Amino acid sequence: MRILGIDPGTGICGFGVIDIKKGRPTLVDAGVISTPPHTPLPERLEDIYDSLHEIITSTKPDVVSIEKLFFMQNITTGISVAEARGVCILVAKQEKLPIFEYSPNEIKKTMTGFGHADKKQMQEMVRLHLKLDQVPKPDDAADALAAAITHSLLAKI
């Protein structure tokens with residue numbers, strides 16, 4: 001089973017691809033889709049769409065695990081992140097991939113046992129699950145990998 005995890009964002013959208021074999025996750029690919037600040041939102045969304053389509057085409061995941069949005073204090077930022085998330089869901093849907101959504105607290109609780117874990121705790125658990133020498137960088141890629149690992153654990157793959 002190959003899982004694509006997505007940490008949606010407008011400026012930086014994290015992605016992480018893992019394979020699950022005999023219940024063990026292994027890293028396939030991870031990184032971020034970055035869009036330049038001050039670029040009009042429609043162009044940024046198009047960049048995310050095109051880049052994510054390319055990632056799906058090259059890695060051929062079986063399912064997508066995407067982080068749900070949580071309440072943000074800056075409503076403008078929250079709206080643009082929601083739009084980026086919608087684009088991510090659209091790409092996956094057009095590729096006929098099953099989509100699973102998890103809240104940040106669900107991901108944190110699944111990964112660490114504590115729904116309010118901090119970034120360092122999360123990154124370390126991603127590193128341990130994937131048996132990596134170092135924590136994945138940047139943070140958005142690690143968050144996307146956590147979403148993918150969470151799906152594997154909750155779906156009992």
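The values are calculated or read from the model by the stated rules, or taken from the named source; none is laboratory data. As the structure is a computational prediction, the values presented were derived from the model and not from experiment. Using ideal geometry, Cβ is built from the backbone for each residue, glycine included, and neighbour counts are taken over all protein chains shown.
Please indicate, with yes or no, whether at least one residue in the stretch 36-43 is outside any loop (DSSP other than H, G, I, E, B) and crowded, with 16+ Cβ neighbours inside 10 Å. The answer is no; no qualifying residue exists. Could you figure out which of (1) within 20 Å of LEU4 (Cα to Cα); (2) not in a helix (DSSP H, G or I) isn't true of GLU46? Among (1) within 20 Å of LEU4 (Cα to Cα); (2) not in a helix (DSSP H, G or I), the lone unmet condition for GLU46 is (2). Does the stretch 68-89 contain at least one residue that is small (Gly, Ala, Ser), modelled with pLDDT under 95, within 16 Å of the chain's Cα centre (by Cα) and farther than 17 Å from MET1 by Cα? Yes; the residues of the stretch 68-89 include at least one that is small (Gly, Ala, Ser), modelled with pLDDT under 95, within 16 Å of the chain's Cα centre (by Cα) and farther than 17 Å from MET1 by Cα.
State which residue pairs qualify: first residue closer than 18 Å to VAL64 by Cα and inside the stretch 96-118, second residue hydroxyl-bearing (Ser, Thr, Tyr) in any location, beta carbons under 7 Å apart, and separation of 6 or more residues or different chains. Close Cβ pairs (under 7 Å, with a partner that is hydroxyl-bearing (Ser, Thr, Tyr)) amount to PHE100/SER65; TYR102/SER65; TYR102/THR150; GLU106/THR150; ILE107/THR150; THR110/THR150; MET111/THR150. Residue check, VAL28 against (1) touching a Gly at 6+ places or on another chain (Cβ under 9 Å); (2) assigned to a strand (DSSP E or B); (3) in contact (Cβ under 8 Å) with a residue 60 or more places away in the chain, all met but one. Which one? Only one criterion is unmet by VAL28, namely (3).
A quick yes/no check of all residues on (1) polar (S, T, N, Q); (2) closer than 29 Å to ILE157 by Cα:
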site: LEU4; (1), (2): no, yes
site: ARG24; (1), (2): no, yes
site: LEU27; (1), (2): no, yes
site: LEU41; (1), (2): no, no
site: THR59; (1), (2): yes, yes
site: ASP62; (1), (2): no, yes
site: VAL81; (1), (2): no, no
site: GLY86; (1), (2): no, yes
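Pairs are defined by a Cβ separation below 7 Å, a sequence spacing of at least 6 or placement on different chains, a first member in the stretch 4-15 that is in contact (Cβ under 8 Å) with a residue 24 or more places away in the chain and farther than 13 Å from ILE56 by Cβ, and a second member that is of a type outside the set (D, E, K, R) and in a loop (DSSP other than H, G, I, E, B); the pairs so defined are THR10/THR35; GLY11/THR35; GLY11/PRO37. The residue pairs whose first member lies in the stretch 55-68 and is more than 10 Å from PRO98 (Cβ to Cβ), whose second member is at pLDDT 95 or above and among the aromatic types (Phe, Trp, Tyr), and whose beta carbons are closer than 6 Å, counting only pairs six or more residues apart or on different chains, are ILE55/PHE15.
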